[in-house]
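Structure record follows, encoded as structure tokens.
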């Protein structure tokens, strides 16, 4: 079997703008924002760039950067959970400049010490996302410096003035205007922006916001979503890209889920093929498998990492994951059908699933396939609350669930049969980086969240040898953080 042969339905292609909208939705959920925050910010940033006399290319860059500003936030969610407790609520408080949001950072050395490495992860990943999407270098450069400030107090590099891409200040101001005006009202928003002028962004841009913001916000309030889409849609975002990137960004939120969404997609498509599903159904199932975890971004990492029984409140958040995935479908153009199917990933044939509690005939064959595929892949993987089940245990569990009426028995047998077929690898792009066998082993270990010491124990290597391999992997992949290495390696089919 040729190692480059792809599984049924593999290689899902979407318009760049649809992928960007999905990533913006994920980012807004992750940052505790309304799910139209990034789109509204993009429109405001475009208006500010126009008012500042920027050329068409810079206006387009402002829109692209606004939409992807939070595309690196799943990558550092674990870090924010460590320092703030609630990665979503903590970041919402940070963006709204709420009093004492940074108080939990005091014992950790303050904002600069605790947040700088997280900003580095975010910037590197979001810049890499722009590169993988084929956007202009200006967008990539701005995203790699998105938290820098006019006076040099920003992160992660402390750049100042003209050393910072001007788009960074435009997007920062537009984001502050969108958040502050929504949370506190326009007068208070303008006062907060005035306090930041000369520090976070140049005074002349802040003056433009003070002059035009009321008109912009009134216009924005009366503009239909479709018109907003058309206003921020750049030529680069009319091209096509791989939907696998969305899956990889989703999975970055929880290191122990690296590769999970891709595996669900392959499993679901293979099961559909074994059942004789049409090529169109296989393709839709593959795409649904890739994006079924979009709503996971709305749930704090502390809940996902809980080892014991979830509280009723925590469980309610988990139950809403597919609801948010369904919501995403209404905002993601060509992915709408796949997202709607994806929102059935946790329904069960007897009505015991969520979020709808759909049962029997209400579940299409494709929905039954997806639900079984999600369970199959999850059961065979390690989770914080349990070890991975063996292949025999997974088989027994699925058959037991089918006998209990929760899964379709024919689907389960087709799924198990599909897993007996030779493994086939789906790659998003040609393999251009060569890693040694040991480097791959180390990369796979750290991509799942292992520290150097943990990887050393797992692979029976010394910590210094693991460190050497990590440095070599970073050099070959041209990155400096584990999250960026994971994202790039996933896109190359290495994980």
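Computed from the coordinates by the stated procedures, all read-outs in this text should not be read as laboratory data. Note that the structure is predicted; figures quoted are calculated from it, not measured. So basically every Cβ, Gly included, is an ideal-geometry build from the backbone, and we count neighbours across all protein chains shown.
On a 0 to 90° scale, report how tilted helix 260-274 is relative to the longest principal axis of the chain, with both axes built from alpha carbons and the result rounded to the nearest 10. Around 40 degrees separate the two axes.
Could you tell me which label, among (i) 67, 55, 44; (ii) 64, 58, 39; (iii) 163, 59, 39, carries the value of Cα extents along the principal axes in Å calculated for this structure? Read-out from the structure maps to (i). Taking other C-beta atoms within 10 angstrom as a stand-in for reagent exposure, 180, 474, 169 fall in the order 474, 180, 169, fewest first.
Note on the stretch 240-258 and the stretch 365-388: Cα centroid distance 17 Å, given to the nearest whole angstrom. Maximal additional length on extending the residue 230-residue 36 stretch stands at 68.4 nm, based on 0.36 nm per residue less the C-alpha distance.
Highest mean packing first, where packing is the average number of other Cβ atoms within 10 Å per residue, the peptides 236-246, 186-196 line up as 236-246, 186-196. FRET efficiency for residue 108 and residue 151, Cβ-Cβ distance as r, R0 = 22 Å, nearest 0.05? With a Förster radius of 22 Å, E is 0.40. Between the Cα long axis of helix 56-68 and the first principal axis of the chain there is an angle of about 50°, rounded to the nearest 10. For residue 57 and residue 279, the difference between the fully extended length at 0.36 nm per residue and the C-alpha to C-alpha distance is 76.0 nm.
Note on residue 97/residue 337: beta-carbon distance plugged into 1/(1 + (r/R0)^6) with R0 of 41 Å gives a FRET efficiency of 0.55. Taking label points 7 Å from Cα along the Cα-to-Cβ direction, residue 199 and residue 313 give a separation of 3.2 nm. For the chain, the longest principal axis of the C-alpha atoms and the axis of helix 203-221 are separated by about 60°.
Computed extension length for residue 396-residue 462: 19.9 nm, one decimal, from 0.36 nm per residue of separation with the Cα-Cα distance subtracted. Distance between the pseudo-spin-label points of residue 453 and residue 382 (7 Å out from Cα toward the beta carbon): 1.6 nm. Note on residue 389 and residue 222: their simple-model spin labels are 5.8 nm apart, each label 7 Å out from Cα toward Cβ.
Peptide packing: for 149-155, 23-29, 309-315, the average count of neighbouring Cβ atoms within 10 Å per residue gives the ranking 23-29, 149-155, 309-315, highest mean first.
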